[in-house]
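**Q** Structure incoming, see below.
The values are calculated or read from the model by the stated rules, or taken from the named source; none is laboratory data. From a predicted model like this one, the values you see are computed outputs, not experimental measurements. Counting neighbours? That spans all protein chains shown, and the Cβs are built from the backbone with ideal geometry, glycine included. Heavy atoms of the whole protein, side chains included, go into the accessibility calculation; ligands, DNA and RNA do not. Shrake-Rupley method; radii C 1.70, N 1.55, O 1.52, S 1.80 Å.
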Amino acid sequence: WDLLLNKFEGKSGAVDLAIFGSISDFKDPSLDVRGSLTTTIEELKKFLAPQQADMLTKSEVGGGLILKFVFKGKQKAQDTWQADLIADSPQINIKKLKFADFHVETKFKDKFLAFPRVTANPYDGTLAANAVIDFSQQNPQYVVQIAARDIDIGRWKNDTDMKDKNLQGRFSASAELGGFGNNLETMKGKGQFEIKDGHFWELPVFSGISNILYIPGMNTIIFGEARGTFTIANKK
């Protein structure tokens, strides 16, 4: 049996699906399809594996999505899968943080999942990233490059537990990270950061310096600029 889909559309709650293409050999299905999907993160989790859905839940990911996709391959043979996906969202939330104008491009081939382009505009700044995940090994390995530019600290703090602190300035950073599986303890990497036009004495990473720089008779110290490098390894 061969099934030709000139057009297949379906709607259910917040899900709007359209598929075109063909399905061959129903005993060992081979798919060559393309389509679009409008949904939400909550609805999408219903179609994901429990481990993937749980990861989204723990990260408190939410928002609406508009997806376009192409898929080719045998349903039962992952090594034949070739998939391309583009997703857009007016805003994605991750643990109460807001990422406006979210855009991601994804490619899957030869058991490698690539994210050649991930962009967003959080808090009047920009965010760009790319990543590759190798699923050819038992414990998938990932590599990530990420860069943030001119994030407004004054706006960002309002979505954190530091909203009552006197913080302002522009934050930029870049990093290269890598690790294995969903275990963040395996993550290693390095990066650099910069804050300018700032008032960030009350950021936890800087507040401890007050004990070192304390000068009798001086009640206020303001940091206007900061820059430095950091490393991540051995759970630190």
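**Q** If a/c stays under 1.5 just call it rounded; otherwise compare a/b with b/c (prolate if a/b is bigger, oblate if not). Do that for segment 42-92, with a ≥ b ≥ c from the square roots of the Cα gyration tensor eigenvalues.
**A** oblate
**Q** Additional query: Select from LEU184, ILE222, SER172 the residue farthest towards the positive end of the dipole of the chain; place +1 on Cβ of Lys and Arg, -1 on Cβ of Asp and Glu, and compute about the Cα centre.
**A** Checking the options against the dipole of the chain, the answer is LEU184.
**Q** Let me ask another. When the dipole is taken about the Cα centre of segment 67-187, and only Lys, Arg (+1) and Asp, Glu (-1) are charged at their Cβ, what size is it in debye, to the nearest 20?
**A** Dipole of segment 67-187, to the nearest 20 debye: 260 debye.
**Q** Residues in segment 34-78 near a label at LYS111, defined as backbone nitrogen under 18 Å from the 7 Å Cα→Cβ point?
**A** 73-78
**Q** If each of ASP25 and PHE223 carries a label point 7 Å out from its Cα toward its Cβ, how far apart are those two points in nm?
**A** In this crude label model, ASP25 to PHE223 measures out at 6.1 nm.
**Q** If you don't mind, there's one more thing I want to ask. Please enumerate, by chain and number, the lysines with C-alpha under 30 Å from the C-alpha of LYS165, excluding those fewer than 8 residues away in the same chain.
**A** Answer for LYS165, where 30 Å is the Cα cut-off: LYS58, LYS95, LYS96, LYS98, LYS157, LYS190, LYS196, LYS235, LYS236, listed by chain and number.
**Q** If you don't mind, another one. Hey, can you find the accessible area per residue of segment 22-67 for me, probe 1.4 Å, expressed in square angstrom?
**A** 61 Å²
**Q** For segment 4-94, with the dipole built from +1 on Lys and Arg beta-carbon atoms and -1 on Asp and Glu ones, taken about the Cα centre, which of ILE66, ALA49, LEU31 lies farthest toward the positive end?
**A** It is LEU31, whose Cα lies furthest towards the positive end.
**Q** Binned at 5 Å from 0, what are the whole-percent values of the Cα-Cα distance distribution for the chain, short to long?
**A** The calculated distribution, bin by bin, is 1, 5, 9, 13, 17, 15, 12, 8, 6, 5, 3, 2, 1, 1, 0, 0, 0, 0.
**Q** What number do you get for segment 6-123 when its Cα radius of gyration is normalised by 2.2 N^0.38 Å, N = residues?
**A** For segment 6-123, the normalised Cα radius of gyration comes out at 1.14.
**Q** Just how far, in whole angstrom, is segment 1-24 from segment 149-200 if you go by their alpha carbon centroids?
**A** Cα centroid to Cα centroid, the span is 42 Å.
**Q** Carbon and sulfur together cover what percent of the accessible area of segment 43-138 at a 1.4 Å probe radius?
**A** The value for segment 43-138 is 59 percent carbon and sulfur by accessible area.
**Q** Can you work out the accessible area per residue across segment 85-236, with the rest of the protein chains kept in place, probe 1.4 Å, in square angstrom?
**A** It amounts to 63 Å² per residue over segment 85-236.
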